[in-house]
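Structure first, commentary second.
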Amino acid sequence: MTEQLKKVRVKTLVGVALLLAAACLYVIGTRSTLPPNMLRNYEIKLAEHAFIPGTKDLLVVIGFEAKDLGERTNPRSLLAVYRVDNEGAQLIYRFSPEVPKEVGYPRPLLIESAKITWDKQKGLSIFTCWGETGADYWGTHPILFSFRRGKPYPVSFYSGDLSDDPRIRGFSWTKKDFTAKNHYDGSESVKTLLTQGASIFPNGTIELIFWGDEAPKAAYHRLVKLKINPSWL
């Protein structure tokens, strides 16, 4: 790749980043049910966008995290989904997972990543990962959102308990599956579990990575990869 081409690519990426940042500030400042002082207490952890198939409208996904995690900002982190059309930006959904007390996490889960995918058969979806730090913790919790009547909702993309899989259940890194509720809507719940890595492919296939040994955290680990194809979405 020539130096000139590299500069063009960098300028293009910077331009896209600036446009997305402007879009984030725009959607937060219009037709929003989020508090007016949102950016006083929260910072933007991530932002993704994509055109909604079959329309000229834009879907903007923003992950917020409290600026001071030591204060009592509630929730500490959240996912906000906006639809941008000719009339402006509208907040159509927000989500923050509440982990049951019996799971024993000392801190709430914080959003780490979000990816918008679209497949002709499965439709539009948002794949997110949420993490919690600690001496005995390392990993992330995948949560998938599908769409119904133009709005996202959390879906459990697997049945049963993955922690019972014989390939991973005998190791201390594997924690029991649990069901988290939406802080903003207690009627919404979704099953998830601790993984050491999670990703989604363009066709909607989800890959989860687990440590399949008892090596210490800083060591190299034997990786167990589970691929799940939620074809029912």
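Please treat every number below as a calculation from the coordinates, not as lab data. Everything numeric here is computed off the predicted structure, so don't read it as measured data. Please note: Cβ atoms are built from the backbone with ideal geometry, for glycine as well, and neighbour counts cover all protein chains shown.
Starting with the fewest neighbours, write out Leu58, Leu79 ranked by other beta-carbon atoms found within 10 Å of each beta-carbon.
So the ranking, lowest neighbour count to highest, is Leu58, Leu79.
What is the Cα centroid distance between region 94-119 and region 169-233, reported in whole angstrom?
Measuring centre to centre over Cα atoms gives 12 Å.
Write out the GluC sites (Glu not before Pro) in region 73-113 meeting two conditions: DSSP loop, and at most 16 other Cβ atoms within 10 Å of their Cβ.
Answer by residue number: Glu87.
Note down the nm distance, to one decimal, between modelled labels 7 Å out along Cα→Cβ at Asp185 and at Tyr220.
4.6
If you take the square roots of the eigenvalues of the alpha-carbon gyration tensor of region 161-203 and sort them as a ≥ b ≥ c, do you get rounded (a/c under 1.5), prolate (a/b over b/c) or oblate?
oblate
Report the calculated FRET efficiency for Thr205 and Asp68 (r = Cβ-Cβ distance, R0 = 41 Å), to the nearest 0.05.
Calculated transfer efficiency: 0.60.
Can you tell me how region 38-189 classifies by the Cα gyration tensor, rounded, prolate or oblate, using a/c under 1.5 as the rounded cut?
Oblate, because a/c is 1.5 or more while a/b does not exceed b/c.
May I ask you to list the trypsin sites (Lys or Arg not before Pro) in region 134-192 that are in a DSSP loop and have at most 15 other Cβ atoms within 10 Å of their Cβ?
Sites meeting the loop and neighbour criteria: Arg149, Arg167, Arg169, Lys176.
Scan region 186-226 for chymotrypsin sites (Phe, Trp or Tyr not before Pro) in coil per DSSP, keeping those whose Cβ has at most 13 other Cβ atoms within 10 Å, and list them by number.
Passing sites in region 186-226 are Tyr220.
Is there a quick way to get the dipole size of region 103-215? I mean about its Cα centre, with the Cβ of Lys and Arg at +1 and of Asp and Glu at -1; what is the value in debye to the nearest 20?
560
For the residues Ser172, Ser189, what sequence is obtained by ranking on other C-beta atoms within 10 Å, fewest first?
Ascending number of Cβ neighbours within 10 Å: Ser172, Ser189.
For the residues Thr174, Thr55, what sequence is obtained by ranking on other C-beta atoms within 10 Å, fewest first?
Starting with the residue having the fewest Cβ neighbours, the order is Thr55, Thr174.
Calculate the dipole size of region 167-233 relative to its Cα centre from +1 charges on Lys and Arg beta carbons and -1 charges on Asp and Glu beta carbons; express the result in debye to the nearest 20.
220
Which ³J(HN,Hα) values in Hz, rounded to whole numbers, follow from the phi angles of region 79-87 under the Karplus curve 6.51 cos²θ - 1.76 cosθ + 1.60, where θ = phi - 60° and Gly and Pro get x?
Values, residue by residue: 10, 10, 10, 10, 10, 10, 10, 5, 8 Hz.
Taking a threshold of 20 Å on the Cα-Cα distance, which of the pairs Lys45/Lys176; Lys56/Lys151; Lys191/Lys227; Lys101/Lys181 fall above it?
Table pairs above 20 Å Cα-Cα are Lys45/Lys176.
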